[in-house]
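K.L.:
I'd like to ask you about the structure that follows.
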Ligand SMILES: Cc1cc2nc3c(=O)[nH]c(=O)nc-3n(C[C@H](O)[C@H](O)[C@H](O)COP(=O)(O)OP(=O)(O)OC[C@H]3O[C@@H](n4cnc5c(N)ncnc54)[C@H](O)[C@@H]3O)c2cc1C
């Protein structure tokens, strides 16, 4: 696989989502000085969800985005609403205790409820559909599903024949279905939520890159044209924030993932591929994930890599992956192809904390699993600003480790580790 630098502009990536967006945002640039209760840096799900939660609690908010609302991972992702966190919280029992584990498990459920209720309450038009499948290629995957199903009544186990009533592929030995997880058009949800925040009083700025932070008693953030003074600053730039705060940069590894969107599929093509309109992930570490759009395109994602670069031939590689799963779609046209960066944390848990005892809070590192968890983060951060730090403290106790190898070696080290996982996926 050959690699090249990612060619991002200040406008949205050339995705199916940007082409099917309901609202083109055109918020002003930050100019001059303003003062608010809370300044939020980054207009992805973490930022907009926090702005909504704070607006609902009556706080004045400034939401400042380098590019466009939803420009980062939030406006480019697979759109899959998956509950829980990437990692089983019981792995953190030593630092958060059994009560902490129970609380994090509860948050893994609540994050999906937040999306559901917010879309209903504010009537956000974002193609919400319920239904999600995980599919297995190995016997060990099916064994794991049987184990999980003992604790998760929502999981409906499916054997090789049954899974074909959802996903018509010869590749899978079985899987499971759950009705309580699903999918959305993520850019429309993200912008829809920004509009909700705006209606609750938030001031939103686009094309306004924060280049400096004052961590003093009353923190402030600055662009080249303006400054926002606030009681709290919340950093939500995740994998796109670079080294604005070196402490955070050391704790997030940006990884690239790619998605293609086919032309709309005909009825017969749907019967040969996506029999049901569900979101699907397979169980490998280097996984395929896919689903249908509202106009019946197959959005097929995968090809994660940790080099920070994009494959030169991503469309062809992704098309080959899609054909392997659905040979019947070999001749369909690919209308869109794009990539995005997700923030990976060492412990595969979102990192929610405070920079050096200041009133500057942060979140990062959802590790490829953030559509629903970002919404929980918004609530946790708003609660903390509002004086209730119980859930913030639990998240903060899950020690946020820097990536070994420093700036120079962390990528090759992680890429080598992933190679091992990919080999294991094949066994
Ligand atoms: C291709 C892809 C597929 C994915 N699929 C799924 C999926 O199906 N389901 C799932 O649960 N998760 C998925 N994820 C992960 C999920 O998208 C992310 O975890 C989530 O969107 C993170 O949201 P965020 O707001 O923290 O970060 P982002 O959405 O990346 O937002 C960060 C924003 O901060 C801005 N910013 C950065 N620095 C500054 C600065 N200095 N000043 C101002 N603004 C700044 C950026 O411009 C950006 O818009 C996927 C990710 C990718 C990339």
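K.L.:
Place a point 7 Å from Cα of residue 211 in the direction of its Cβ. Which residues in the stretch 4-33 have their backbone N less than 18 Å from it?
P.N.:
Residues 10, 29-33 qualify, since their backbone N sits under 18 Å from the label point.
K.L.:
Nearest 10 degrees, 0 to 90: what angle lies between the long axis of helix 373-385 and the longest principal axis of the chain (Cα atoms)?
P.N.:
20
K.L.:
Given Cα pairs under 8 Å that are at least 6 residues apart, what percent is the relative contact order of the stretch 203-354?
P.N.:
Averaging sequence separation for qualifying contacts and normalising by length gives 26 percent for the stretch 203-354.
K.L.:
Hey, rough spin-label estimate for residue 317 and residue 37, points 7 angstrom out along Cα→Cβ, what's it come to in nanometres?
P.N.:
Going by the 7 Å Cα→Cβ label model, 4.6 nm.
K.L.:
Given R₀ = 51 Å, FRET efficiency for residue 10-residue 399 by Cβ-Cβ distance, to 0.05?
P.N.:
That gives a FRET efficiency of 0.90.
K.L.:
Which one, 52, 228, 325, has the greatest fluctuation when you compute a Gaussian network model over the chain with C-alpha springs under 10 angstrom?
P.N.:
325
K.L.:
Just 53, 110, 11 to compare: in a GNM of the chain, with alpha carbon springs under 10 Å, which one fluctuates most?
P.N.:
Largest GNM mean-square fluctuation: 11.
K.L.:
Subtract the Cα-Cα distance of residue 335 and residue 56 from 0.36 nm times their separation in residues, and report this length gain in nm to one decimal.
P.N.:
The residue 335-residue 56 span can extend by a further 96.5 nm.
K.L.:
Taking the chain as a Gaussian network, where each spring joins two C-alpha atoms under 10 Å apart, which residue of 275, 233, 167 fluctuates the most?
P.N.:
275
K.L.:
Using only the alpha-carbon atoms, how far is helix 406-426 inclined from the longest principal axis of the chain? Give it as 0 to 90 degrees, nearest 10.
P.N.:
Computed tilt is about 20 degrees.
K.L.:
Sort out for me the Cα centre separation of the stretch 1-56 from the stretch 105-126, rounded to whole Å.
P.N.:
With the stretch 1-56 and the stretch 105-126 each reduced to a Cα centre, they are spaced 20 Å.
K.L.:
Moving to a separate point now. Can you give the relative contact order of the stretch 65-144 as a percent, counting alpha carbon pairs under 8 Å and 6+ residues apart?
P.N.:
Reported as a whole number, the value is 22 percent.
K.L.:
Follow-up question, since we're still on this one. What's the exposure ranking of 367, 208, 169, going from fewest to most Cβ atoms within 10 Å?
P.N.:
Listed from fewest to most nearby Cβ atoms, that is 169, 367, 208.
K.L.:
Hey, another quick one. Along the Cα-to-C-beta direction of residue 24, a point sits 7 Å from the Cα; which residues of the stretch 196-223 have their amide N less than 18 Å from that point?
P.N.:
206-207
K.L.:
A further question on this structure: If one takes the longest principal axis of the Cα atoms in the chain, at what angle in degrees, from 0 to 90 and to the nearest 10, does the Cα axis of helix 45-56 lie?
P.N.:
Tilt of helix 45-56: around 50 degrees.
K.L.:
Output the relative contact order of the chain, whole-number percent, from Cα pairs under 8 angstrom with separation of 6+ residues.
P.N.:
Dividing the mean separation by the residue count of the chain yields 25 percent.
K.L.:
Would you list 121, 296 from fewest to most Cβ contacts within 10 Å?
P.N.:
Neighbour counts put them in this order, fewest first: 121, 296.
Readers should treat all values here as calculations from the given coordinates under stated rules, not as data from a laboratory. In this text, all values refer to a predicted model and were calculated from it rather than measured experimentally. Counting neighbours? That spans all protein chains shown, and the Cβs are built from the backbone with ideal geometry, glycine included.
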